[in-house]
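The values are calculated or read from the model by the stated rules, or taken from the named source; none is laboratory data. Quick caveat: nothing in here was measured; it's all calculated off a predicted structure. All Cβ positions, glycine included, derive from the backbone under ideal geometry; neighbour counts span all protein chains shown.
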Amino acid sequence: MHTVPEHRHAQKRQVSERPVASGSASGDAELEIVPKSRLGARESVVADGIFRGIVVLCALAVLAIVGLIVFELVRESKLAMGKFGFSFLIKQIWDPVAEDFGALPFIYGTVVSSLLALVIAVPLSVGTALFLTELCPRAVRAVLSLLVELLAAIPSVIYGLWGIFVLSPFLRLHIQPFLGKYFGWTGLFTGPKYGWGMLAAGVILAIMILPIIASITREVITAVPRVQREAALALGATKWEMLRMSVLRNARPGIFGATILGLGRALGETMAVTMVIGNRPEIVKSLFAPGHTLASVIANEFAEATSAAYFSALVEMGLVLFVVTLIVNALASLLVWSITRGMPARTLA
Amino acid sequence: MPRPLHTISLRRRLSNWTALGLITLAAIVVTLPLFLIFATVVYRGIGQLSWAFLTQIPRGPGEEGGGMANAIVGSIMLLGFASVIGVPLGIGAGVFLAEYGRNKWGNIVRFTADVLNGVPSIVIGLTAYALVVVVQRHFSMLAGSVALGIMMIPTISRTTEEVLLLVPQSIREAALGLGIPKWRTILSVVLRTASAGIVTSIMLAFARIAGETAPLMFTAFGNQYWSLSLNQPTGALPLQIFSYAVMPYDQAHAQAWTGALVLITIIMFTVILFRFIASRGAIKGAS
């Protein structure tokens with residue numbers, strides 16, 4: 001007696017989901033169950049066409065905007081490309097007076113500050129995600145996830161403001177002396193202690209990318225099948241062993257994807273970084289030293305770029321930034337998608 | 001048979017508790033900056049907050065008094081014009097993805113929207129500069145609105161798509177079965193059902209662009225005086241905070257903190273309102 005309604009229910013659902021599931025080229029063919037003649041008025045067919053046209057135009061606008069971004073960046077940076085060629089990417093010189101430009105210090109600063117941010121942010125956000133999904137009491141979970149979400153909503157200029165007046169003095173007085181004393185031998189923590197500099201930029205970036213890494217990691221962890229956990233626990237694993245063996249191992253590609261997505265955010269972050277990094281185009285091993293990034297140099301010098309070559313060099317930096325973030329983000333989406341596509345809640349795409 | 005806990009070796013128990021302790025610690029450490037930032041913004045910002053701050057324009061650098069009224073109004077206008085560009089395009093693209101985009105073309109648009117979402121805001125600023133400022137030959141509110149509007153599109157379209165897909169297929173079929181044409185079905189039935197969800201998507205996009213500074217630096221540019229013209233450079237709250245923060249005067253710093261307090265209040269209000277609407281159910285009558 002119990003099986004009949006359930007069977008009927010399953011059948012009904014299958015029917016109702018059919019138009020979504022079969023994503024053929026003629027996506028709306030299935031919806032026209034009613035014969036066209038019954039719809040009667042020819043106008044409705046025309047109106048359907050017009051509506052569809054408008055919606056398609058909106059979608060084309062998205063493609064056009066990305067196309068325009070690429071087109072404008074390439075067009076405006078042609079001059080610099082022609083003048084400096086490939087050496088632009090590997091030169092260390094930045095001399096607006098002599099109009100000689102190389103992007104290497106900025107690429108270095110972007111990569112180092114972002115990697116530093118990942119080193120700090122990834123363990124913390126994976127920990128937070130595990131806590132939220134596996135350990136946290138239900139009442140705390142809602143509050144904590146709201147807090148993490150609010151962290152994501154703070155504007156970057158406020159992070160920068162906080163970075164200048166709170167974080168930098170704190171690093172100078174408490175963290176940098178400690179690091180210099182015990183880890184100075186690595187060469188990473190030497191030189192004058194200003195507070196601001198590469199280290200401060202890394203810390204600020206870490207705080208800024210925490211929410212995105214944590215929320216995606218959480219999604220990925222939730223996607224790990226329950227039976228995996230139960231199997232580990234049934235074999236006598238402790239909670240941590242269960243998390244390590246069945247949850248983290250299964251979620252690893254997704255966590256990697258979340259990390260890369262965080263990297264994409266960190267690479268392009270502008271305001272907070274430019275306010276604390278010190279804005280000096282030098283390659284120095286010590287993390288106490290000031291640096292510069294692709295995004296921060298555009299923000300700082302764009303308004304004063306008077307000569308054509310200077311302007312073009314800055315746009316080319318924008319192009320480099322665009323291409324790098326594009327690759328990084330595509331890689332990340334692919335990884336996250338490969339994990340969460342099996343989720344019942346997300347039958348899309 | 002379940003094994004009693006005490007037979008688990010000390011090493012395993014120890015590593016279990018250490019790991020769980022570290023995980024809990026990580027969660028605590030993550031919330032710490034949030035409290036610190038909020039506390040500092042309120043503590044340092046509240047002192048200068050006054051009626052004058054909200055109604056007057058800035059005085060000269062380092063001078064006492066003055067406010068950010070022009071920047072607050074400028075920000076609101078920028079957000080308004082950005083929405084004029086971003087909201088219709090975003091919703092339109094979202095409708096395409098959900099209703100017509102279950103195929104190869106949909107995947108291309110979906111991927112492109114994700115790419116646009118990942119483009120650094122400063123690069124969008126560069127593009128708006130090349131598109132509008134270079135053509136107009138001067139900075140303007142229009143250029144700033146274009147930059148912010150572009151940034152709204154991917155957020156709104158992807159969220160709209162998700163919300164539209166939550167609308168049960170049976171509702172669409174019921175409308176079509178009554179002989180209502182597809183366009184009417186989408187406008188009056190599907191979008192109507194999902195309206196709360198779409199409103200949240202707009203607010204999400206709003207919260208995202210309200211604090212953006214980088215794309216405005218060489219588009220809206222900033223202005224120390226009143227300017228309500230779409231054709232003129234305009235002040236914006238994040239720009240004003242930035243320029244005060246890097247000035248060497250204590251008075252300017254104090255004003256930057258107050259500006260931050262105003263900005264953060266606006267954004268948090270939006271986000272919490274968004275959470276409230278979302279928790280009320282993104283879809284009316286879905287079940």
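Just a few scattered comments:
- Search result, residues across the stretch B:191-218 that are under 15 Å from B:I241 (Cα atoms) and at the interface with chain A (Cβ under 8 Å from one of its Cβ atoms): B:A210, B:G211, B:E212, B:T213, B:A214, B:M217
Condition check ((1) over 27 Å from the mean Cα position of the chain (by Cα); (2) in a helix (DSSP H, G or I); (3) free of Cβ contacts under 8 Å to residues at least 24 places away in the same chain) across all residues:
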{"site": "A:L68", "(1), (2), (3)": "no, yes, yes"}
{"site": "A:A80", "(1), (2), (3)": "yes, yes, no"}
{"site": "A:A98", "(1), (2), (3)": "yes, no, yes"}
{"site": "A:P105", "(1), (2), (3)": "no, yes, no"}
{"site": "A:G109", "(1), (2), (3)": "no, yes, no"}
{"site": "A:L132", "(1), (2), (3)": "no, yes, no"}
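- Hey, B:A71 in contact with a Ser or Thr (Cβ under 6 Å, 6 or more places away or on another chain), among the hydrophobic types (A, V, I, L, M, F, W, C), within 14 Å of another protein chain (Cβ to nearest Cβ) and buried (at least 20 other Cβ atoms within 10 Å of the Cβ) or not: no
- Residue within the stretch A:268-275 that is among the β-branched types (V, I, T), more than 20 Å from A:I158 (Cα to Cα) and either within 25 Å of the chain's Cα centre (by Cα) or assigned to a loop (DSSP other than H, G, I, E, B) (or both) present: no
- Verdict on B:F206 being at positive phi and either over 19 Å from the mean Cα position of the chain (by Cα) or surrounded by 23 or more Cβ atoms within 10 Å (Cβ to Cβ) (or both): no
- Boolean, A:A295 is within 11 Å of another protein chain (Cβ to nearest Cβ) and assigned to a helix (DSSP H, G or I): yes
- Which listed residue, of B:S201, B:S279, B:S195, B:S229, is over 30 Å from A:P211 (Cα atoms) and either touching a Leu at 6+ places or on another chain (Cβ under 9 Å) or modelled with pLDDT under 90 (or both): B:S229
- Scanning the stretch B:128-138 turns up no residue that is surrounded by 22 or more Cβ atoms within 10 Å (Cβ to Cβ) and without any contact (Cβ under 8 Å) to a residue 24 or more places away in the chain.
- Residues within the stretch A:235-277 that are facing chain B (nearest Cβ under 9 Å) and β-branched (V, I, T), tallied: 3
- Flag for B:L176 being at the interface with another protein chain (Cβ under 8 Å from one of its Cβ atoms) and either under 15 Å from the mean Cα position of the chain (by Cα) or over 24 Å from B:F81 (Cβ atoms) (or both): yes
- Residues of the stretch B:83-132 classified as acidic (D, E) and more than 15 Å from A:L326 (Cβ to Cβ), total: 1
- Yes/no for B:V41 being within 24 Å of the chain's Cα centre (by Cα) and surrounded by 11 or more Cβ atoms within 10 Å (Cβ to Cβ): yes
- Filter result (crowded, with 24+ Cβ neighbours inside 10 Å and among the polar types (S, T, N, Q)) within the stretch B:209-237: B:T213, B:T219, B:T234
- Residues in the stretch B:236-266 that are assigned to a helix (DSSP H, G or I) and β-branched (V, I, T) were compared, and the one that is modelled with the lowest pLDDT is B:I266.
- Failed condition for A:R280, given (1) part of a helix (DSSP H, G or I); (2) basic (K, R); (3) more than 8 Å from chain B (Cβ to nearest Cβ): (1)
- Matching entry among A:S125, A:S87, A:S114 (being free of Cβ contacts under 8 Å to residues at least 40 places away in the same chain and among the hydroxyl-bearing types (S, T, Y)): A:S87
- Residue in the stretch B:123-141 that is closer than 19 Å to B:A82 by Cβ, within 7 Å of chain A (Cβ to nearest Cβ), part of a loop (DSSP other than H, G, I, E, B) and not β-branched (V, I, T) present: no
- Yes/no for B:G47 being more than 8 Å from chain A (Cβ to nearest Cβ), crowded, with 21+ Cβ neighbours inside 10 Å and part of a helix (DSSP H, G or I): no
- The requirement of being part of a helix (DSSP H, G or I), in the same structural domain as A:L233 (by TED's automatic domain parsing) and on the phi < 0 side of the Ramachandran plot is satisfied by A:V148.
- You will find that of A:P253, A:P290, A:P281, the residue that is in the same structural domain as A:G191 (by TED's automatic domain parsing), surrounded by fewer than 24 Cβ atoms within 10 Å (Cβ to Cβ) and touching a strand residue (DSSP E or B) at 6+ places or on another chain (Cβ under 6 Å) is A:P281 and no other.
- Scanning the stretch B:93-122 for residues that are more than 7 Å from chain A (Cβ to nearest Cβ), surrounded by fewer than 24 Cβ atoms within 10 Å (Cβ to Cβ) and either of a type in the set (A, V, I, L, M) or touching a Leu at 6+ places or on another chain (Cβ under 6 Å) (or both) yields B:G106, B:I108.
- Qualifying positions in the stretch B:52-79 - farther than 13 Å from B:Q255 by Cα and free of Cβ contacts under 8 Å to residues at least 40 places away in the same chain: B:T55, B:I76
- Only a single criterion out of (1) farther than 30 Å from A:G187 by Cβ; (2) within 9 Å of another protein chain (Cβ to nearest Cβ); (3) buried (at least 24 other Cβ atoms within 10 Å of the Cβ) is not satisfied by A:A313, namely (2).
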